[in-house]
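Novice: This is the structure, below, for whatever I ask next.
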Amino acid sequence: MFKGQNYGGSSFFEMLRLDHPESVPEFSNLDWSTVQVPHGTTVLALVYQDGVLMAGDRLATEGYQVATRDIEKVFKVDDDCLVAIAGAAGPAIEMVRLFRVELEHYQKLEGQQLTFEGKANRLSHMIRQNLPAAMQGLVVMPLFAGYDHQKNRGRIYKFDITGGRYAEADYYATGSGGKDARSSLKKTFVDTAFERDAAIISSVGALVDAADEDRGTGGFDINRSIYPTCMLVTESGVEEVPESELLAAYELTMRQRQER
Amino acid sequence: MAVPYYVSPEQMYQDKAEYARKGIARGKPIVGLEYEHGILLAAENTSTSLRKISEAYDRIAFAGVGKFDEYENLRKAGIRYCDFKGYNYCRDDVAAKNLANEYSTLLGGIFTREMKPFEVEILVAELDGDEQGSCFYQIMFDGFIADHSRFAAIGGDSEDLVKVLRDAWKSGISLREGVRIACGALGRAANASAKLDQENLEIATLDRRLDGRIFRRLEAEAIRALIE
(Lines give C-alpha, C1' and ligand atoms only; values in the text may rest on other atoms or scores of the structure.)
Protein backbone atom coordinates (compact mmCIF):
# COMPACT_ATOMS: atom_id res chain seq x y z
CA MET A 1 0.00 0.00 0.00
CA PHE A 2 2.00 3.00 1.30
CA LYS A 3 5.58 3.35 0.13
CA GLY A 4 7.78 0.82 1.90
CA GLN A 5 4.94 -1.36 3.18
CA ASN A 6 5.30 -4.99 2.15
CA TYR A 7 4.14 -6.82 5.24
CA GLY A 8 0.44 -7.63 5.23
CA GLY A 9 -0.22 -9.27 8.61
CA SER A 10 -1.32 -8.04 12.00
CA SER A 11 1.93 -8.13 13.97
CA PHE A 12 3.81 -4.90 14.50
CA PHE A 13 7.00 -6.75 15.42
CA GLU A 14 6.93 -8.80 12.19
CA MET A 15 6.23 -5.64 10.21
CA LEU A 16 9.31 -4.01 11.74
CA ARG A 17 11.44 -7.02 10.90
CA LEU A 18 10.30 -7.14 7.29
CA ASP A 19 9.80 -3.49 6.36
CA HIS A 20 12.01 -1.59 8.84
CA PRO A 21 14.79 -3.95 9.96
CA GLU A 22 16.89 -0.94 11.00
CA SER A 23 14.31 -0.14 13.73
CA VAL A 24 14.25 -3.57 15.36
CA PRO A 25 15.97 -3.36 18.75
CA GLU A 26 19.16 -5.35 18.28
CA PHE A 27 21.57 -6.13 21.08
CA SER A 28 23.20 -9.34 19.96
CA ASN A 29 26.37 -8.03 18.30
CA LEU A 30 28.33 -7.40 21.51
CA ASP A 31 29.64 -9.57 24.31
CA TRP A 32 27.65 -8.11 27.18
CA SER A 33 29.32 -10.22 29.84
CA THR A 34 32.30 -7.82 29.73
CA VAL A 35 30.27 -4.61 30.16
CA GLN A 36 28.22 -3.37 33.09
CA VAL A 37 24.67 -2.39 32.18
CA PRO A 38 21.88 -1.36 34.56
CA HIS A 39 19.98 -4.31 35.99
CA GLY A 40 16.53 -4.33 37.49
CA THR A 41 16.17 -6.58 40.50
CA THR A 42 13.07 -7.87 42.29
CA VAL A 43 9.57 -8.08 40.81
CA LEU A 44 6.68 -10.26 41.91
CA ALA A 45 3.10 -11.08 41.03
CA LEU A 46 0.31 -12.80 42.93
CA VAL A 47 -3.25 -13.76 42.19
CA TYR A 48 -5.91 -12.51 44.58
CA GLN A 49 -9.68 -12.45 44.81
CA ASP A 50 -10.36 -9.65 42.27
CA GLY A 51 -7.54 -10.34 39.83
CA VAL A 52 -3.80 -10.04 40.03
CA LEU A 53 -1.27 -7.84 41.82
CA MET A 54 2.16 -6.98 40.49
CA ALA A 55 4.89 -5.16 42.39
CA GLY A 56 8.54 -4.31 42.04
CA ASP A 57 11.23 -2.36 43.87
CA ARG A 58 12.73 0.74 42.27
CA LEU A 59 16.46 0.13 42.31
CA ALA A 60 18.64 -0.52 39.27
CA THR A 61 22.24 -1.62 39.78
CA GLU A 62 25.37 -1.65 37.67
CA GLY A 63 27.54 -4.32 39.22
CA TYR A 64 27.95 -3.25 42.85
CA GLN A 65 26.93 0.35 42.10
CA VAL A 66 23.52 1.98 42.18
CA ALA A 67 22.50 2.93 38.63
CA THR A 68 19.07 4.44 39.32
CA ARG A 69 17.13 4.71 42.56
CA ASP A 70 13.66 5.23 41.13
CA ILE A 71 13.43 3.13 37.97
CA GLU A 72 10.02 1.71 37.03
CA LYS A 73 9.89 -2.05 36.50
CA VAL A 74 6.15 -2.67 36.42
CA PHE A 75 4.44 -1.47 33.26
CA LYS A 76 0.86 -1.25 32.18
CA VAL A 77 0.74 -2.82 28.72
CA ASP A 78 -2.96 -2.44 28.00
CA ASP A 79 -6.20 -2.29 29.98
CA ASP A 80 -5.95 -5.92 31.03
CA CYS A 81 -2.32 -6.74 31.57
CA LEU A 82 1.00 -5.76 33.08
CA VAL A 83 4.60 -6.70 32.44
CA ALA A 84 7.29 -6.54 35.10
CA ILE A 85 10.93 -6.71 34.14
CA ALA A 86 14.04 -8.02 35.82
CA GLY A 87 17.48 -8.32 34.29
CA ALA A 88 19.15 -5.96 31.81
CA ALA A 89 16.98 -2.84 32.05
CA GLY A 90 17.67 -1.25 28.65
CA PRO A 91 16.56 -4.09 26.40
CA ALA A 92 13.77 -5.04 28.81
CA ILE A 93 12.22 -1.56 28.68
CA GLU A 94 12.59 -1.54 24.90
CA MET A 95 10.86 -4.92 24.77
CA VAL A 96 7.96 -3.64 26.86
CA ARG A 97 7.59 -0.59 24.60
CA LEU A 98 7.51 -2.84 21.55
CA PHE A 99 5.12 -5.29 23.20
CA ARG A 100 2.72 -2.47 24.04
CA VAL A 101 2.60 -1.33 20.39
CA GLU A 102 2.32 -4.96 19.28
CA LEU A 103 -0.88 -5.51 21.27
CA GLU A 104 -2.41 -2.17 20.35
CA HIS A 105 -1.54 -2.71 16.67
CA TYR A 106 -3.23 -6.10 16.63
CA GLN A 107 -6.31 -4.74 18.38
CA LYS A 108 -6.71 -1.90 15.90
CA LEU A 109 -6.10 -3.98 12.76
CA GLU A 110 -8.26 -6.93 13.78
CA GLY A 111 -10.88 -4.96 15.67
CA GLN A 112 -10.56 -7.19 18.73
CA GLN A 113 -8.19 -7.89 21.60
CA LEU A 114 -5.82 -10.83 21.68
CA THR A 115 -6.73 -13.40 24.31
CA PHE A 116 -4.58 -13.54 27.45
CA GLU A 117 -2.92 -16.68 26.16
CA GLY A 118 -2.31 -15.02 22.79
CA LYS A 119 -0.59 -12.08 24.46
CA ALA A 120 1.66 -14.41 26.47
CA ASN A 121 2.60 -16.20 23.25
CA ARG A 122 3.55 -12.96 21.52
CA LEU A 123 5.74 -11.97 24.47
CA SER A 124 7.44 -15.35 24.48
CA HIS A 125 8.17 -14.92 20.78
CA MET A 126 9.79 -11.55 21.43
CA ILE A 127 11.94 -12.95 24.24
CA ARG A 128 13.10 -15.71 21.89
CA GLN A 129 14.23 -13.05 19.42
CA ASN A 130 16.49 -11.69 22.16
CA LEU A 131 18.10 -15.11 22.71
CA PRO A 132 21.39 -14.33 20.91
CA ALA A 133 21.87 -11.29 23.18
CA ALA A 134 20.79 -13.29 26.23
CA MET A 135 23.45 -15.90 25.47
CA GLN A 136 26.00 -13.09 25.56
CA GLY A 137 24.92 -11.95 28.99
CA LEU A 138 22.05 -9.56 28.24
CA VAL A 139 19.31 -11.50 29.95
CA VAL A 140 15.78 -10.14 29.98
CA MET A 141 13.36 -11.83 32.38
CA PRO A 142 9.81 -10.52 32.19
CA LEU A 143 6.89 -11.53 34.30
CA PHE A 144 3.51 -11.23 32.63
CA ALA A 145 0.26 -10.92 34.56
CA GLY A 146 -3.26 -9.82 33.86
CA TYR A 147 -6.94 -10.47 34.03
CA ASP A 148 -8.12 -13.30 31.79
CA HIS A 149 -11.65 -12.41 30.69
CA GLN A 150 -12.26 -15.91 29.39
CA LYS A 151 -11.38 -17.62 32.65
CA ASN A 152 -12.59 -14.68 34.79
CA ARG A 153 -9.57 -14.55 37.08
CA GLY A 154 -6.08 -13.13 37.39
CA ARG A 155 -3.24 -15.09 35.79
CA ILE A 156 0.56 -15.04 35.81
CA TYR A 157 3.12 -16.21 33.28
CA LYS A 158 6.84 -16.47 33.84
CA PHE A 159 9.38 -16.88 31.06
CA ASP A 160 12.90 -18.16 30.68
CA ILE A 161 15.57 -16.71 28.39
CA THR A 162 14.68 -19.10 25.56
CA GLY A 163 11.14 -17.74 25.49
CA GLY A 164 9.86 -20.77 27.41
CA ARG A 165 6.50 -19.86 28.89
CA TYR A 166 5.12 -21.29 32.12
CA ALA A 167 1.75 -20.53 33.66
CA GLU A 168 2.22 -19.93 37.38
CA ALA A 169 -0.79 -20.80 39.47
CA ASP A 170 -0.77 -18.33 42.35
CA TYR A 171 2.37 -16.30 42.86
CA TYR A 172 5.86 -15.83 41.52
CA ALA A 173 8.83 -13.52 41.95
CA THR A 174 11.92 -13.11 39.82
CA GLY A 175 15.14 -11.07 39.66
CA SER A 176 18.13 -11.06 42.00
CA GLY A 177 15.90 -10.91 45.10
CA GLY A 178 13.27 -13.15 43.52
CA LYS A 179 14.16 -16.19 45.56
CA ASP A 180 13.84 -14.30 48.86
CA ALA A 181 10.56 -12.73 47.77
CA ARG A 182 9.26 -16.17 46.80
CA SER A 183 10.20 -17.65 50.18
CA SER A 184 8.40 -14.77 51.85
CA LEU A 185 5.28 -15.15 49.71
CA LYS A 186 5.28 -18.87 50.41
CA LYS A 187 4.76 -18.11 54.12
CA THR A 188 2.18 -15.33 53.76
CA PHE A 189 0.23 -16.39 50.69
CA VAL A 190 -2.88 -18.24 51.79
CA ASP A 191 -4.91 -18.79 48.64
CA THR A 192 -6.34 -16.88 45.71
CA ALA A 193 -9.34 -15.81 47.80
CA PHE A 194 -6.93 -13.25 49.27
CA GLU A 195 -8.51 -9.85 49.69
CA ARG A 196 -7.00 -6.69 48.25
CA ASP A 197 -5.49 -5.42 51.51
CA ALA A 198 -4.05 -8.81 52.43
CA ALA A 199 -2.52 -9.14 48.94
CA ILE A 200 -0.86 -5.73 49.25
CA ILE A 201 0.50 -6.51 52.72
CA SER A 202 1.80 -9.88 51.54
CA SER A 203 3.61 -8.37 48.55
CA VAL A 204 5.05 -5.51 50.62
CA GLY A 205 6.37 -8.08 53.10
CA ALA A 206 7.98 -10.02 50.27
CA LEU A 207 9.70 -6.89 48.91
CA VAL A 208 10.93 -6.00 52.40
CA ASP A 209 12.39 -9.50 52.77
CA ALA A 210 14.00 -9.35 49.34
CA ALA A 211 15.56 -5.95 50.13
CA ASP A 212 16.76 -7.32 53.44
CA GLU A 213 18.59 -10.30 51.94
CA ASP A 214 19.55 -9.06 48.48
CA ARG A 215 21.90 -6.07 48.11
CA GLY A 216 20.52 -5.31 44.66
CA THR A 217 16.93 -4.82 45.80
CA GLY A 218 15.80 -1.38 46.92
CA GLY A 219 12.81 -1.82 49.18
CA PHE A 220 11.28 1.24 50.89
CA ASP A 221 13.59 4.26 50.76
CA ILE A 222 11.96 6.31 53.51
CA ASN A 223 14.52 9.15 53.45
CA ARG A 224 14.01 9.83 49.76
CA SER A 225 10.30 8.88 49.75
CA ILE A 226 10.89 6.27 47.06
CA TYR A 227 8.45 3.38 47.40
CA PRO A 228 7.95 0.24 45.34
CA THR A 229 5.54 0.21 42.41
CA CYS A 230 2.41 -1.83 42.97
CA MET A 231 -0.37 -2.30 40.41
CA LEU A 232 -3.58 -4.27 40.35
CA VAL A 233 -5.52 -5.65 37.40
CA THR A 234 -9.14 -6.50 37.94
CA GLU A 235 -12.08 -7.08 35.64
CA SER A 236 -12.51 -3.32 35.30
CA GLY A 237 -8.90 -2.53 34.40
CA VAL A 238 -5.53 -1.51 35.78
CA GLU A 239 -5.17 0.43 39.01
CA GLU A 240 -2.01 1.72 40.65
CA VAL A 241 -1.95 1.31 44.43
CA PRO A 242 -1.42 4.80 45.92
CA GLU A 243 1.81 5.47 47.80
CA SER A 244 -0.08 6.24 51.03
CA GLU A 245 -1.59 2.76 51.00
CA LEU A 246 1.82 1.14 50.34
CA LEU A 247 3.40 3.14 53.13
CA ALA A 248 0.62 2.10 55.54
CA ALA A 249 1.18 -1.55 54.59
CA TYR A 250 4.94 -1.08 55.09
CA GLU A 251 4.50 0.48 58.54
CA LEU A 252 2.11 -2.28 59.59
CA THR A 253 4.58 -4.95 58.41
CA MET A 254 7.48 -3.35 60.28
CA ARG A 255 5.42 -2.95 63.46
CA GLN A 256 4.37 -6.59 63.36
CA ARG A 257 7.97 -7.67 62.87
CA GLN A 258 9.20 -5.60 65.79
CA GLU A 259 6.60 -7.15 68.05
CA ARG A 260 7.69 -10.66 67.14
CA MET B 1 0.49 -5.19 -35.54
CA ALA B 2 -2.88 -3.79 -34.60
CA VAL B 3 -2.76 -0.09 -33.84
CA PRO B 4 -4.34 0.60 -30.40
CA TYR B 5 -7.22 3.02 -30.30
CA TYR B 6 -6.23 6.50 -29.28
CA VAL B 7 -8.01 7.73 -26.17
CA SER B 8 -7.34 11.28 -25.07
CA PRO B 9 -6.18 11.75 -21.49
CA GLU B 10 -9.22 13.92 -20.79
CA GLN B 11 -11.52 11.16 -21.92
CA MET B 12 -9.68 8.53 -19.95
CA TYR B 13 -9.74 10.58 -16.74
CA GLN B 14 -13.40 11.36 -17.22
CA ASP B 15 -14.27 7.70 -17.71
CA LYS B 16 -12.30 6.64 -14.67
CA ALA B 17 -13.80 9.38 -12.51
CA GLU B 18 -17.30 8.47 -13.59
CA TYR B 19 -16.64 4.83 -12.80
CA ALA B 20 -15.30 5.66 -9.35
CA ARG B 21 -18.13 8.08 -8.55
CA LYS B 22 -20.72 5.47 -9.45
CA GLY B 23 -19.09 2.95 -7.13
CA ILE B 24 -18.88 5.44 -4.27
CA ALA B 25 -22.49 6.56 -4.71
CA ARG B 26 -23.65 2.98 -4.14
CA GLY B 27 -22.25 3.14 -0.60
CA LYS B 28 -23.88 5.09 2.21
CA PRO B 29 -22.39 8.40 3.30
CA ILE B 30 -20.61 9.25 6.55
CA VAL B 31 -20.81 12.48 8.51
CA GLY B 32 -18.47 13.87 11.13
CA LEU B 33 -19.07 16.86 13.35
CA GLU B 34 -17.74 18.61 16.40
CA TYR B 35 -19.71 18.43 19.64
CA GLU B 36 -19.02 19.81 23.11
CA HIS B 37 -16.48 17.13 24.12
CA GLY B 38 -14.84 16.36 20.78
CA ILE B 39 -15.71 14.80 17.46
CA LEU B 40 -18.60 12.55 16.54
CA LEU B 41 -18.63 10.32 13.44
CA ALA B 42 -21.78 8.59 12.23
CA ALA B 43 -22.72 6.28 9.38
CA GLU B 44 -25.55 4.05 8.36
CA ASN B 45 -24.26 0.49 8.56
CA THR B 46 -26.32 -2.64 8.99
CA SER B 47 -23.30 -4.83 9.68
CA THR B 48 -22.12 -5.13 13.26
CA SER B 49 -18.70 -6.53 12.37
CA LEU B 50 -17.66 -4.82 9.12
CA ARG B 51 -16.88 -1.31 10.23
CA LYS B 52 -16.83 1.95 8.31
CA ILE B 53 -15.47 4.04 11.18
CA SER B 54 -12.45 3.02 13.21
CA GLU B 55 -9.48 4.07 15.28
CA ALA B 56 -6.29 5.04 13.49
CA TYR B 57 -4.23 6.46 16.36
CA ASP B 58 -4.52 8.14 19.76
CA ARG B 59 -6.48 11.16 18.55
CA ILE B 60 -7.17 10.18 14.94
CA ALA B 61 -10.19 8.37 13.50
CA PHE B 62 -10.60 6.87 10.05
CA ALA B 63 -13.80 6.51 8.03
CA GLY B 64 -14.29 5.15 4.52
CA VAL B 65 -17.14 4.81 2.04
CA GLY B 66 -17.26 2.80 -1.16
CA LYS B 67 -15.82 -0.63 -1.76
CA PHE B 68 -15.17 -2.35 1.57
CA ASP B 69 -12.00 -4.27 0.69
CA GLU B 70 -10.42 -1.14 -0.74
CA TYR B 71 -11.02 1.17 2.20
CA GLU B 72 -10.27 -1.66 4.61
CA ASN B 73 -6.82 -2.01 3.04
CA LEU B 74 -6.35 1.75 3.25
CA ARG B 75 -7.35 1.67 6.91
CA LYS B 76 -4.77 -1.02 7.67
CA ALA B 77 -2.05 0.79 5.74
CA GLY B 78 -2.86 3.91 7.77
CA ILE B 79 -2.60 2.08 11.09
CA ARG B 80 0.76 0.58 10.07
CA TYR B 81 1.97 4.03 9.08
CA CYS B 82 0.82 5.66 12.35
CA ASP B 83 2.04 2.90 14.66
CA PHE B 84 5.46 2.83 13.04
CA LYS B 85 5.81 6.57 13.22
CA GLY B 86 4.68 6.67 16.84
CA TYR B 87 7.09 3.88 17.76
CA ASN B 88 10.04 5.34 15.90
CA TYR B 89 9.56 8.93 17.08
CA CYS B 90 6.97 9.82 19.70
CA ARG B 91 3.23 9.27 19.97
CA ASP B 92 2.65 13.04 19.71
CA ASP B 93 4.48 13.15 16.37
CA VAL B 94 1.70 11.25 14.63
CA ALA B 95 -0.54 13.82 12.91
CA ALA B 96 -3.63 13.43 10.75
CA LYS B 97 -2.20 15.86 8.21
CA ASN B 98 0.63 13.49 7.33
CA LEU B 99 -1.67 10.49 7.23
CA ALA B 100 -4.11 12.32 4.95
CA ASN B 101 -1.21 13.28 2.68
CA GLU B 102 -0.14 9.65 2.44
CA TYR B 103 -3.67 8.65 1.44
CA SER B 104 -3.80 11.44 -1.09
CA THR B 105 -0.49 10.43 -2.68
CA LEU B 106 -1.49 6.78 -2.79
CA LEU B 107 -4.97 7.32 -4.24
CA GLY B 108 -3.66 9.89 -6.71
CA GLY B 109 -1.05 7.42 -7.92
CA ILE B 110 -3.56 4.62 -8.30
CA PHE B 111 -6.00 6.87 -10.15
CA THR B 112 -3.33 7.94 -12.66
CA ARG B 113 -1.50 4.67 -13.21
CA GLU B 114 -3.91 1.80 -12.65
CA MET B 115 -6.62 0.64 -15.01
CA LYS B 116 -9.22 0.67 -12.26
CA PRO B 117 -9.33 3.54 -9.80
CA PHE B 118 -10.24 2.89 -6.14
CA GLU B 119 -13.95 3.38 -5.54
CA VAL B 120 -13.51 4.97 -2.14
CA GLU B 121 -13.67 8.24 -0.31
CA ILE B 122 -11.82 8.65 2.97
CA LEU B 123 -12.33 10.88 5.98
CA VAL B 124 -9.52 11.35 8.51
CA ALA B 125 -10.63 13.17 11.66
CA GLU B 126 -8.32 14.51 14.32
CA LEU B 127 -8.98 16.13 17.66
CA ASP B 128 -6.29 18.44 19.00
CA GLY B 129 -5.79 19.01 22.69
CA ASP B 130 -7.07 22.59 22.77
CA GLU B 131 -10.67 23.73 22.61
CA GLN B 132 -10.88 24.69 18.94
CA GLY B 133 -8.95 21.80 17.59
CA SER B 134 -10.96 19.57 15.31
CA CYS B 135 -9.87 18.88 11.77
CA PHE B 136 -11.40 16.74 9.04
CA TYR B 137 -9.49 15.70 5.94
CA GLN B 138 -11.55 14.47 3.04
CA ILE B 139 -9.65 12.45 0.44
CA MET B 140 -11.30 11.58 -2.88
CA PHE B 141 -10.74 8.60 -5.17
CA ASP B 142 -8.35 10.64 -7.37
CA GLY B 143 -6.23 11.88 -4.47
CA PHE B 144 -7.96 15.25 -4.22
CA ILE B 145 -7.70 16.38 -0.63
CA ALA B 146 -9.67 19.00 1.27
CA ASP B 147 -9.64 20.00 4.92
CA HIS B 148 -12.72 21.01 6.85
CA SER B 149 -13.33 22.21 10.35
CA ARG B 150 -16.44 21.77 12.54
CA PHE B 151 -18.19 19.26 10.25
CA ALA B 152 -17.67 17.18 7.11
CA ALA B 153 -19.39 14.54 5.02
CA ILE B 154 -18.15 11.97 2.55
CA GLY B 155 -19.96 9.73 0.09
CA GLY B 156 -22.19 10.13 -2.94
CA ASP B 157 -24.41 12.94 -1.66
CA SER B 158 -21.79 14.63 0.51
CA GLU B 159 -22.50 18.11 -0.85
CA ASP B 160 -26.18 17.91 0.09
CA LEU B 161 -25.29 16.50 3.49
CA VAL B 162 -22.85 19.33 4.17
CA LYS B 163 -25.65 21.83 3.44
CA VAL B 164 -27.84 20.14 6.05
CA LEU B 165 -24.97 20.16 8.55
CA ARG B 166 -24.20 23.82 7.87
CA ASP B 167 -27.80 24.81 8.67
CA ALA B 168 -28.15 22.63 11.76
CA TRP B 169 -24.73 22.68 13.41
CA LYS B 170 -24.03 24.98 16.34
CA SER B 171 -20.98 25.35 18.52
CA GLY B 172 -20.98 23.49 21.84
CA ILE B 173 -23.85 21.09 21.10
CA SER B 174 -24.34 18.03 23.29
CA LEU B 175 -23.67 14.49 22.07
CA ARG B 176 -27.43 13.84 21.88
CA GLU B 177 -27.95 16.96 19.77
CA GLY B 178 -24.95 16.01 17.61
CA VAL B 179 -26.34 12.56 16.95
CA ARG B 180 -29.71 14.08 16.06
CA ILE B 181 -28.08 16.43 13.54
CA ALA B 182 -25.94 13.62 12.11
CA CYS B 183 -28.98 11.38 11.69
CA GLY B 184 -30.87 14.23 10.07
CA ALA B 185 -28.06 14.59 7.54
CA LEU B 186 -27.67 10.84 6.94
CA GLY B 187 -31.42 10.56 6.35
CA ARG B 188 -31.10 12.98 3.43
CA ALA B 189 -28.91 10.61 1.42
CA ALA B 190 -30.60 9.25 -1.70
CA ASN B 191 -30.11 5.64 -0.60
CA ALA B 192 -30.81 6.14 3.13
CA SER B 193 -33.07 3.73 4.98
CA ALA B 194 -36.47 5.01 6.03
CA LYS B 195 -35.60 4.65 9.73
CA LEU B 196 -32.25 5.16 11.39
CA ASP B 197 -31.89 3.49 14.79
CA GLN B 198 -29.40 1.49 16.86
CA GLU B 199 -29.82 -1.44 14.45
CA ASN B 200 -28.30 0.36 11.49
CA LEU B 201 -26.30 3.23 12.95
CA GLU B 202 -22.58 3.13 13.55
CA ILE B 203 -21.38 5.95 15.79
CA ALA B 204 -17.98 6.65 17.29
CA THR B 205 -16.43 9.58 19.12
CA LEU B 206 -13.08 11.16 19.83
CA ASP B 207 -13.56 12.43 23.36
CA ARG B 208 -11.13 15.09 24.61
CA ARG B 209 -11.97 14.31 28.23
CA LEU B 210 -10.08 11.02 27.88
CA ASP B 211 -6.33 10.43 27.92
CA GLY B 212 -4.19 8.46 25.47
CA ARG B 213 -6.34 6.57 22.98
CA ILE B 214 -9.52 8.63 22.91
CA PHE B 215 -11.48 6.80 20.19
CA ARG B 216 -14.67 5.17 21.50
CA ARG B 217 -17.26 3.19 19.60
CA LEU B 218 -20.82 3.60 20.91
CA GLU B 219 -22.57 0.32 21.65
CA ALA B 220 -26.11 -0.32 20.41
CA GLU B 221 -27.47 0.34 23.91
CA ALA B 222 -25.78 3.73 24.11
CA ILE B 223 -27.03 4.67 20.65
CA ARG B 224 -30.57 3.69 21.57
CA ALA B 225 -30.40 5.89 24.67
CA LEU B 226 -29.14 8.83 22.58
CA ILE B 227 -31.79 8.71 19.86
CA GLU B 228 -34.79 8.09 22.10
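The values are calculated or read from the model by the stated rules, or taken from the named source; none is laboratory data. Computed from a prediction, not measured in an experiment: that's the story for all the values here. As a convention, Cβ positions derive from the backbone with ideal geometry for all residues, glycine included, and neighbour counts pool all protein chains shown. For accessibility, only protein heavy atoms count, side chains too; no ligands or nucleic acids. Shrake-Rupley method; radii C 1.70, N 1.55, O 1.52, S 1.80 Å.
Novice: Using a Förster radius of 56 Å, what is the FRET efficiency between A:R128 and B:R176 based on their Cβ-Cβ separation? Nearest 0.05, please. Don't jump to the answer; show the numbers that get you there.
Specialist: Numbers: r = 51 Å, r/R0 = 0.91.
That pair, A:R128 with B:R176, gives E of 0.65.
Novice: Let me ask another. In a shell of Cβ-Cβ distance under 10 Å around A:Y147, excluding A:Y147 itself, what net charge do Lys and Arg (+1) and Asp and Glu (-1) give?
Specialist: Cβ neighbours under 10 Å give a net charge of -2.
Novice: Take the solvent-accessible surface of the protein heavy atoms, probe 1.4 Å, and return the percent of it on the protein assembly as shown that carbon and sulfur atoms account for. Mind showing how you got there, number by number?
Specialist: Numbers: 11100 of 23000 Å².
Within the protein assembly as shown, the accessible surface is 48 percent carbon and sulfur.
Novice: Between B:G155, B:G66, B:G86, where does the largest GNM mean-square fluctuation fall for chain B, given springs only between Cα atoms within less than 10 Å?
Specialist: B:G86
Novice: Which loop-located GluC sites (Glu not before Pro) does the stretch A:26-110 contain, where loop means any DSSP state but H, G, I, E or B and the Cβ has at most 16 other Cβ atoms within 10 Å?
Specialist: On the way: sites: A:E26, A:E62, A:E72, A:E94, A:E102, A:E104, A:E110; in loops: A:E26, A:E72.
Filter output for the stretch A:26-110: A:E26, A:E72.
Novice: Using the reciprocal of the averaged 1/r over all distinct C-alpha pairs, how large is the Kirkwood radius of the stretch A:24-113 in Å?
Specialist: On the way: mean 1/r = 0.0676 Å⁻¹.
Every distinct Cα pair counted, the radius reaches 14.8 Å.
Novice: Quick one: compute the contact order of the stretch A:81-139, relative version, from alpha carbon pairs under 8 angstrom and 6+ residues apart, as a percent.
Specialist: Values: 20 pairs, mean separation 20.9, N = 59.
It rounds to 35 percent for the stretch A:81-139.
Novice: In whole Hz, with x marking every Gly and Pro, tabulate ³J(HN,Hα) for the stretch A:40-50 from phi via Karplus 6.51 cos²θ - 1.76 cosθ + 1.60, θ = phi - 60°.
Specialist: Per-residue couplings from phi come out as x, 10, 9, 10, 9, 9, 8, 8, 9, 3, 8 Hz.
Novice: Under 4 °C and 1.567 mPa s, how fast does the stretch B:9-227 diffuse according to Stokes-Einstein, given a Kirkwood radius computed over C-alpha pairs? Answer in µm²/s, whole number. Walk me through the intermediate numbers first.
Specialist: Numbers: Rh = 17.4 Å.
Estimated diffusion coefficient is 75 µm²/s.
Novice: Rounded, prolate or oblate: pick one for the stretch A:49-169, where a ≥ b ≥ c are the square roots of the eigenvalues of its C-alpha gyration tensor, a/c under 1.5 means rounded, and failing that, prolate if a/b is larger than b/c, else oblate.
Specialist: Numbers: a/c = 1.81, a/b = 1.47, b/c = 1.23.
Judged from the Cα gyration tensor, the stretch A:49-169 comes out prolate (a/c at least 1.5, a/b above b/c).
Novice: At most 14 other Cβ atoms within 10 Å and a DSSP loop assignment: could you name the trypsin sites (Lys or Arg not before Pro) in the stretch A:53-130 that fit? The partial results should precede the final answer.
Specialist: Details: sites: A:R58, A:R69, A:K73, A:K76, A:R97, A:R100, A:K108, A:K119, A:R122, A:R128; in loops: A:R58, A:R69, A:K73.
Counting only loop positions with at most 14 other Cβ atoms within 10 Å, the trypsin sites (Lys or Arg not before Pro) in the stretch A:53-130 are A:R69.
Novice: When a/c reaches 1.5 or more, the comparison of a/b and b/c decides; with that in mind, is the stretch A:133-228 rounded, prolate or oblate per its Cα gyration tensor?
Specialist: Numbers: a/c = 1.92, a/b = 1.03, b/c = 1.87.
Oblate is the answer for the stretch A:133-228, as a/c is 1.5 or above yet b/c matches or exceeds a/b.
Novice: Within chain B, what is the longest stretch that has no chymotrypsin sites (Phe, Trp or Tyr not before Pro) placed in a DSSP loop and near at most 16 other beta-carbon atoms within 10 Å? List each step's numbers first, then the result.
Specialist: Details: sites that count: B:Y5, B:Y6, B:Y89, B:F144.
Maximal segment without exposed cleavage sites: B:145-228.
Novice: How about the stretch B:87-173: which trypsin sites (Lys or Arg not before Pro) there lie in a loop by DSSP and see at most 11 other Cβ atoms within 10 Å? Before the final figure, lay out the partial values.
Specialist: Details: sites: B:R91, B:K97, B:R113, B:R150, B:K163, B:R166, B:K170; in loops: B:R150, B:K170.
For trypsin sites (Lys or Arg not before Pro) across the stretch B:87-173 that sit outside H, G, I, E and B with at most 11 neighbouring Cβ atoms in 10 Å, the list reads B:K170.
Novice: Let a ≥ b ≥ c be the square roots of the eigenvalues of the Cα gyration tensor of the protein assembly as shown; is it rounded (a/c under 1.5), or, if not, prolate (a/b larger than b/c) or oblate? Please list the in-between numbers first.
Specialist: Values: a/c = 2.88, a/b = 1.86, b/c = 1.55.
Prolate, because a/c is 1.5 or more and a/b exceeds b/c.
Novice: With a 10 Å cut-off between alpha carbons and a GNM built on chain B, which of B:A95, B:A153, B:A43 moves the most?
Specialist: Judging by the Gaussian network model, the answer is B:A95.
Novice: Run lengths n ≥ 4 of DSSP H only: what is the helix-derived mean residue ellipticity at 222 nm for chain B, with -39500 (n - 2.57) per run over all residues, to the nearest 500? List each step's numbers first, then the result.
Specialist: Values: 6 runs with 88 residues, N = 228.
After summing the helix terms and dividing by the residues of chain B, the value is -12500 deg cm²/dmol.
Novice: Whole-Hz Karplus ³J(HN,Hα) for the stretch B:134-140, in order, using 6.51 cos²θ - 1.76 cosθ + 1.60 and θ = phi - 60°, x for Gly and Pro?
Specialist: Computed from phi, the couplings for the stretch B:134-140 are 9, 9, 10, 10, 9, 10, 8 Hz.
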